[in-house]
Amino acid sequence: MRFLTAGESHGPRLTAIIEGLPSQLPLGKADIDPWLKKRQGGYGRGRRMVIESDEVQLMSGVRGGVTTGAPVTLDIENRDHRNWTEIMDPEAGNWPRKKALTDARPGHADLTGGIKYRHKDLRDVLERASARETAARVAVGSVALKLLGELGIEGANFVRRLAAVEVDSPFSWEHLDAIENSDLRTWDEGAAAQMREQIDRAKESGDTLGGILEVRFRGLPVGLGSFTHWDRKLDGRIAGAVMSVQAMKGVEIGRAFENASRPGSGVHDALYLDPAKGYRRETNGAGGLEGGMTNGEELIVRVAMKPIATLMRPLPTVNVVTHAASDAARERSDTTAVPAAGVILQCVIGWVLAEAVLEKFGGDTLPEIQERVAAARAYAAQY
């Protein structure tokens, strides 16, 4: 299974093509649009989220509400493109370009991308490097989450920390409704109130805030991924997917950083045998992965997101055309996108897991895969 996305932040649309989905998977707009809406939500977002109201159009590979086995094409219109039609015109002759970006913004891909691809108008870098691209990946990931859901695999995402405010209470799957109803994706309303105060202060001063997200999955069968080659280890694949999301700068599985300061006897998860249910662990310090493979426990992934690099109180920079000192350009942006980032991360991790499911169990149709997953669970329970 694989996918490609295309499109720019202010271009006419974002497009994604998914290849390798099994047939007979129930799929429609109602499975994708709610995820696109959640990606646009959260306290601290900017005006772009008001302009855009993302909806997907299923252009191929789905008929009568189920996948056919053919490539699935997803299309998301950029409604703001009407204000950028001339600026983003792909035809020759659009020179001098309006809204050319020549003051490189610190913390962005602008300067490095301009050097790499030899652009002096750094908008040619900005437009694809923008986090707007994640709308397409959320659409793709929501399809993967639909497949996982049909196999009894459930995910969750929430804010563990925003700036200096941390949610200390343990997560429970009973918190899901509270998380979904929170504009800061947390069940702890006391922490949420402090987060809003920090966001308001940062907005007033033209600054931005980062945080830590947590994503969990339960119901994963034993043995997704492999220890046999470096590029098949699920730890590495998940970390790679997570770190490919804009502004993500750190990842841990389980309590990895805390474990680094503990002795081994306080880190590893002892094994017990339940005659009725099979092997079990009373702890989950490994975060659901051992030897690059799922071990049947909850998958726990935590990710550090840096503050958004677009500041309304811009940092010093250099103009790449005149080489004169300047202030970084002010582009429309958010004060924070931490709550929305968890939605994106659940989708990209969900894709990696769905990919691993199909690698292990194969099958051209959903019923075949469901049968094989059920058989694998039964085998693990009596092993």
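Summary table
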| item | result |
| --- | --- |
| Of LYS99/LYS120; LYS203/LYS306; LYS99/LYS203; LYS37/LYS146; LYS38/LYS146, those spanning more than 19 Å from alpha-carbon to alpha-carbon | LYS99/LYS203 |
| Using θ = phi - 60° and Karplus 6.51 cos²θ - 1.76 cosθ + 1.60, couplings along segment 338-354 (whole Hz; Gly, Pro as x) | 4, x, 5, 4, x, 4, 4, 5, 4, 5, 6, 5, x, 4, 4, 5, 5 |
| Spatially proximal lysines relative to LYS233 (Cα-Cα < 21 Å; intrachain offsets below 8 disregarded) | LYS249, LYS360 |
| Contact order normalised by residue count of the chain, Cα under 8 Å, 6+ apart, percent | 23 |
| Burial ranking of peptide ranges 121-127, 333-339 (average Cβ count within 10 Å, highest at the top) | 333-339, 121-127 |
| Carbon + sulfur, % of accessible area of the chain - ligands and nucleic acids excluded, 1.4 Å | 53 |
| Correct option for percent of Cα pairs over 31 Å apart [calculated from the coordinates] among (1) 45; (2) 41; (3) 38 | (2) |
| More than 19 angstrom apart: percent of Cα pairs within segment 219-336 | 63 |
| 1.4 Å probe accessible area per residue over segment 325-383, in Å² | 41 |
| Estimated FRET transfer efficiency when R0 is 45 angstrom, pair GLU368-ARG196 (beta carbons, to 0.05) | 0.40 |
| Computed helical MRE - 222 nm, the chain, DSSP H runs ≥ 4 contributing -39500 (n - 2.57), nearest 500 | -10000 deg cm²/dmol |
| Ordering of 16-25, 372-381 by burial proxy (mean other Cβ atoms within 10 Å per residue, highest first) | 16-25, 372-381 |
| List GLU180, GLU282, ordered by accessible area with a 1.4 Å probe, largest first | GLU282, GLU180 |
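The values are calculated or read from the model by the stated rules, or taken from the named source; none is laboratory data. Since this is a predicted model, take the numbers as computed values, not measurements. A quick note on method: Cβ atoms are made from the backbone with ideal geometry, for glycine too, and the neighbour counts reach across all protein chains shown. Side chains included, ligands, DNA and RNA excluded: accessible areas come from the protein's heavy atoms. Shrake-Rupley method; radii C 1.70, N 1.55, O 1.52, S 1.80 Å.
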